[in-house]
Amino acid sequence: MKVIAFAATNSTTSINKQLVSYAVSLLGNVEVELLDLNDYEMPLYSEDREKATGHPELAKQFLNKLNDADAIIISFAEHNGSYSVAYKNVFDWCSRIQHKVYQGKPMVLLAASPGAGGAQSVLAAANGSMPYFGAEVKASLSVPNFFDNFDTENQRMINPDWDDRLHSAMQQLLA
């Protein structure tokens with residue numbers, strides 16, 4: 001089984017990158033590729049740009065990574081209650097190439113925030129829209145108060161309840 005995982009942000013210090021990296025470590029003996037959205041930075045999507053220049057090669061490459069995966073894990077950063085611009089731009093370009101971006105792949109959706117909200121707004125948006133774009137959402141999990149629940153030095157969940165929930169979500173991906 002090949003799993004593609006990424007944080008839906010371009011922040012180099014993202015807690016969602018830490019969360020998704022830890023999450024894939026729980027999968028056991030599967031092939032995992034962690035993507036970094038910084039490797040897929042493209043011009044902002046617009047219909048005018050698409051007509052003038054076509055689809056960026058980086059969008060095709062990102063979509064090919066998703067095509068080659070058996071499953072996908074995304075950890076969403078919440079920017080003002082919604083997706084980060086970095087994720088939205090990559091997604092918008094990919095959806096112009098292939099509307100069903102996630103092609104029926106099983107997915108786990110994660111989100112984390114330093115506050116009590118746990119990035120629930122962006123996770124709710126993702127849960128609502130992903131099936132429309134071909135995702136089979138197996139589980140989703142919002143982790144609030146990230147710095148109280150995750151050891152950033154040792155890169156592991158320290159709250160046993162949240163660790164159990166994350167293990168359960170990862171097992172649902174493999175089921």
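The values are calculated or read from the model by the stated rules, or taken from the named source; none is laboratory data. What you are looking at is a predicted structure, and each value in this text was computed from that prediction instead of being measured. A quick note on method: Cβ atoms are made from the backbone with ideal geometry, for glycine too, and the neighbour counts reach across all protein chains shown. SASA here: full protein model, heavy atoms, side chains in, ligands and nucleic acids out. Shrake-Rupley method; radii C 1.70, N 1.55, O 1.52, S 1.80 Å.
Please go through the range 64-114 and pick out each residue that is open to solvent by 10 Å² or more (accessible area, probe 1.4 Å), assigned to a strand (DSSP E or B) and within 28 Å of F147 (Cβ to Cβ). Of everything in the range 64-114, those that are open to solvent by 10 Å² or more (accessible area, probe 1.4 Å), assigned to a strand (DSSP E or B) and within 28 Å of F147 (Cβ to Cβ) turn out to be H79, S82.
Only one of the numbered conditions (1) open to solvent by 70 Å² or more (accessible area, probe 1.4 Å); (2) outside any loop (DSSP other than H, G, I, E, B) is not met by A139, and that is (1). Against the criterion of being free of Cβ contacts under 8 Å to residues at least 60 places away in the same chain and assigned to a loop (DSSP other than H, G, I, E, B), G128 does not qualify. Among the criteria (1) touching a helix residue (DSSP H, G or I) at 6+ places or on another chain (Cβ under 7 Å); (2) open to solvent by 40 Å² or more (accessible area, probe 1.4 Å); (3) among the charged types (D, E, K, R), the one E50 does not fulfil is (2). Answer yes or no: is there a residue in the range 146-166 that is under 25 Å from D92 (Cβ atoms) and either open to solvent by less than 60 Å² (accessible area, probe 1.4 Å) or modelled with pLDDT of 95 or more (or both). Within the range 146-166, not a single residue is under 25 Å from D92 (Cβ atoms) and either open to solvent by less than 60 Å² (accessible area, probe 1.4 Å) or modelled with pLDDT of 95 or more (or both).
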